[in-house]
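Okay, structure first, notes after.
The values are calculated or read from the model by the stated rules, or taken from the named source; none is laboratory data. From a predicted model like this one, the values you see are computed outputs, not experimental measurements. Here Cβ is always computed from backbone atoms with ideal geometry, including for glycine, and neighbour counts include all displayed protein chains.
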């Protein structure tokens with residue numbers, strides 16, 4: 001066993017990556033709810049700063065070259081833009097649950113249509129996850145705004161597509177992500193130009209956008225790719241169940257957001273159902 005694959009190092013990298021993923025939700029929510037920053041400008045700064053950091057990381061590897069493609073970049077851009085617009089109204093935990101649940105259901109559904117068949121336990125888990133999201137989105141006083149929920153579901157769908165494409169992409173994950181971020185920059189510029197009339201630049205919002213792009217996205221993805229070398233596919237999928245929980249707790253502690261009974265029940269059903277599918281697949 002080498003130092004790079006030691007259990008302690010893998011555990012530390014994995015924990016840092018999960019914190020980075022949850023931080024994206026918190027930073028987006030902070031910028032778009034607590035500052036005057038508009039969503040289009042936030043998306044541009046996030047993608048551009050992420051592209052810069054990833055390019056620098058690729059440059060450090062003498063054998064690495066920028067990879068990726070335009071369809072992957074388009075999926076990345078749609079995810080980032082819908083993510084930002086949704087967080088104008090969604091709480092951090094609610095947004096993370098919608099995003100994560102949609103990503104996993106997208107990937108599971110794609111596998112089903114490609115011929116993978118679920119066991120009875122997996123089918124029960126899939127249905128339970130759908131019911132959990134249904135509980136979250138059902139009409140009521142504490143239901144999230146419909147438009148914002150649809151946008152976050154769109155973000156989850158785009159990220160699911162991006163993840164599925166990444167399984168068969170050429171090049172290292174870091175080089176692929178760097179190339180896709182670079183290609184997404186002109187798309188983000190186009191969005192900012194289209195929304196120029198609503199543009200509002202806020203110093204604090206800019207800072208949150210840079211932290212989201214450079215650290216939580218750029219460095220966070222690089223850390224996650226390092227951790228993946230020591231994780232099985234099942235463990236890699238399972239550990240991501242922690243992200244909505246971390247985001248919800250962070251939103252309560254840092255943003256004074258309320259942990260509602262609806263969010264608690266929806267989280268238990270959605271994440272528990274996804275866990276059943278993943279663990280039954282391993283067995």
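Residue by residue, here is whether (1) surrounded by 18 or more Cβ atoms within 10 Å (Cβ to Cβ); (2) touching a residue at least 40 places away in the same chain (Cβ under 8 Å); (3) farther than 22 Å from residue 157 by Cβ holds:
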position: 30; (1), (2), (3): yes, yes, yes
position: 37; (1), (2), (3): yes, yes, yes
position: 74; (1), (2), (3): no, yes, no
position: 83; (1), (2), (3): yes, yes, no
position: 88; (1), (2), (3): yes, yes, no
position: 95; (1), (2), (3): yes, yes, no
position: 128; (1), (2), (3): yes, yes, no
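Yes/no matrix, rows are residues, columns are (1) crowded, with 17+ Cβ neighbours inside 10 Å; (2) more than 20 Å from residue 86 (Cβ to Cβ); (3) at pLDDT 85 or above:
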| site | (1), (2), (3) |
| --- | --- |
| 152 | yes, no, yes |
| 165 | yes, yes, no |
| 174 | yes, yes, no |
| 180 | yes, yes, yes |
| 187 | yes, no, yes |
| 196 | no, yes, yes |
| 216 | yes, no, yes |
- request: Inspect region 67-75 for any residue being out of contact with any helix residue (DSSP H, G or I) (no Cβ under 8 Å at 6 or more places or on another chain) and not in a helix (DSSP H, G or I) and give the result as yes or no.
  value: no
Q) What do you reckon, is residue 132 farther than 18 Å from residue 24 by Cβ and in a loop (DSSP other than H, G, I, E, B)? A) no
Inside region 49-66, the number of residues satisfying the requirement of being closer than 13 Å to residue 185 by Cβ and in a loop (DSSP other than H, G, I, E, B) is 1
Checked pairs for region 112-124, first on the phi > 0 side of the Ramachandran plot and part of a helix (DSSP H, G or I), second surrounded by 10 or more Cβ atoms within 10 Å (Cβ to Cβ) and modelled with pLDDT of 75 or more, C-beta under 6 Å and 6 or more apart or across chains, list as none
If you go through 105, 90, 99, the only one that is modelled with pLDDT of 80 or more, assigned to a helix (DSSP H, G or I) and touching a helix residue (DSSP H, G or I) at 6+ places or on another chain (Cβ under 9 Å) is 99
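Rundown of residues vs (1) in contact with a strand residue (DSSP E or B) (Cβ under 8 Å, 6 or more places away or on another chain); (2) free of Cβ contacts under 8 Å to residues at least 24 places away in the same chain; (3) under 21 Å from residue 53 (Cα atoms), yes/no style:
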position: 177; (1), (2), (3): no, no, yes
position: 197; (1), (2), (3): no, yes, no
position: 222; (1), (2), (3): no, no, yes
position: 231; (1), (2), (3): no, no, no
position: 240; (1), (2), (3): no, no, no
position: 244; (1), (2), (3): no, no, no
position: 251; (1), (2), (3): no, no, no
position: 265; (1), (2), (3): no, no, no
Checked 235, 262, 281, 229 against criteria (over 30 Å from residue 59 (Cβ atoms), touching a helix residue (DSSP H, G or I) at 6+ places or on another chain (Cβ under 7 Å) and modelled with pLDDT under 75); the one match is 281
